Structure formats: C-alpha cells, structure tokens
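The block underneath contains the structure these notes are about, expressed in structure tokens.
The values are calculated or read from the model by the stated rules, or taken from the named source; none is laboratory data. Note that the structure is predicted; figures quoted are calculated from it, not measured. Cβ placement follows ideal geometry from the backbone for every residue including glycine, while neighbour counts extend to all protein chains displayed. Only protein heavy atoms, including side chains, enter the accessible area calculation; ligands, DNA and RNA are left aside. Shrake-Rupley method; radii C 1.70, N 1.55, O 1.52, S 1.80 Å.
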Amino acid sequence: MDLKLINREILLSFWKVHILYHAADGEVIGQWMIKELRHHGYEVSPGTLYPLLKRMEKNGWLVSTVDAARGPKAPRAYRITKDGREVLKIVRQQLKELGVEVGKHG
Ligand SMILES: [Zn+2]
C-alpha cells in the first residue's frame, strides 16, 4: 500500500477540511495544526503542512498575520475568511452525503 499516494490523492483534502474547521473556530498556527492532525492519526510533516496553508491562503480561504511584537520567531497565525466559510459550508453538505453513502457499506 502506497501511503504517500493515498495522502496526496485523498487525505490531503481531509487535512484541508480540518484546517478550515479549526480556523473557523479561531486562529490556528502550523505547529498546533500538526499536533491536531496527529491526534487524528495523520502524520503530516511541516514540509507538507506549511505549503498547504500557504495555498489555502492564496485561494482566499485563509488570511494570516504575524504578531511582530512577539519577536522574530513569532508564528504565523491563520484565520478563516468569508470565502473559507463558504467552502466549509459546501464541504459540510458533501460530507453528509458521503457519510450516508459510504458509511452504510462499512
Ligand atoms: Zn481536527
């Protein structure tokens, strides 16, 4: 089983859903997100997560800030945007559908 392939093709999308979900709840930082995903059994490296966050920001789903007052090592904090909330809404609906269909064959 090629786990890397599964990660890239499918699970990557799940991680984005987690990110949107948590960013809708409050600011998230990369380090915290990596730990969060680990709790769910996903081993996501910083080299994967940070470009993902950057891409989601480029898509207009997240917006990030760095609190300069916290010094040169201050983490970049991400928040969800209005567009991001719309995406989350669509994903929620689709997850419901998917759960009904795929769940019943489990
Ligand atoms: Zn989560």
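Considering only 32, 61, 15, the mean-square fluctuation computed in a Gaussian network model of the chain, springs between alpha carbons under 10 angstrom, is largest for 32.
Averaging 1/r over each pair of different alpha-carbon atoms in the chain and inverting the result gives 14.8 Å, the Kirkwood hydrodynamic radius.
Placing +1 on the Cβ of every Lys and Arg and -1 on the Cβ of every Asp and Glu, with nothing else charged, gives the chain a dipole about its Cα centre of roughly 220 debye.
Looking at the chain, the accessible area is 72 square angstrom per residue; that uses a 1.4 Å probe and ignores ligands, DNA and RNA. Stokes-Einstein diffusion for region 1-42, with the hydrodynamic radius set to the Kirkwood value over Cα pairs and evaluated at 20 °C in a medium of 1.002 mPa s, equals 197 µm²/s.
Leaving ligands, DNA and RNA out of it, rank 56, 1 by accessible area with a 1.4 Å probe, largest first. List each step's numbers first, then the result.
Numbers: 56 0, 1 210 Å².
The ordering from most to least exposed comes out as 1, 56.
Couplings 3J(HN,Hα) of region 66-77, computed from phi: 10, 7, 4, 5, 8, x, x, 9, 4, x, 7, 9 Hz, in residue order, whole Hz [Karplus 6.51 cos²θ - 1.76 cosθ + 1.60, θ = phi - 60°; x for Gly and Pro]. Under the simplified labelling scheme, the residue 38-residue 69 pair shows an inter-label distance of 3.0 nm, with each label point 7 Å from Cα along Cα→Cβ. Quick one: how many lysine pairs does the chain have with C-alpha atoms less than 20 Å apart and a gap of 8 or more or different chains? Give me the count, please. Lysine pairs, 8 or more places apart or on different chains, close enough: 15.
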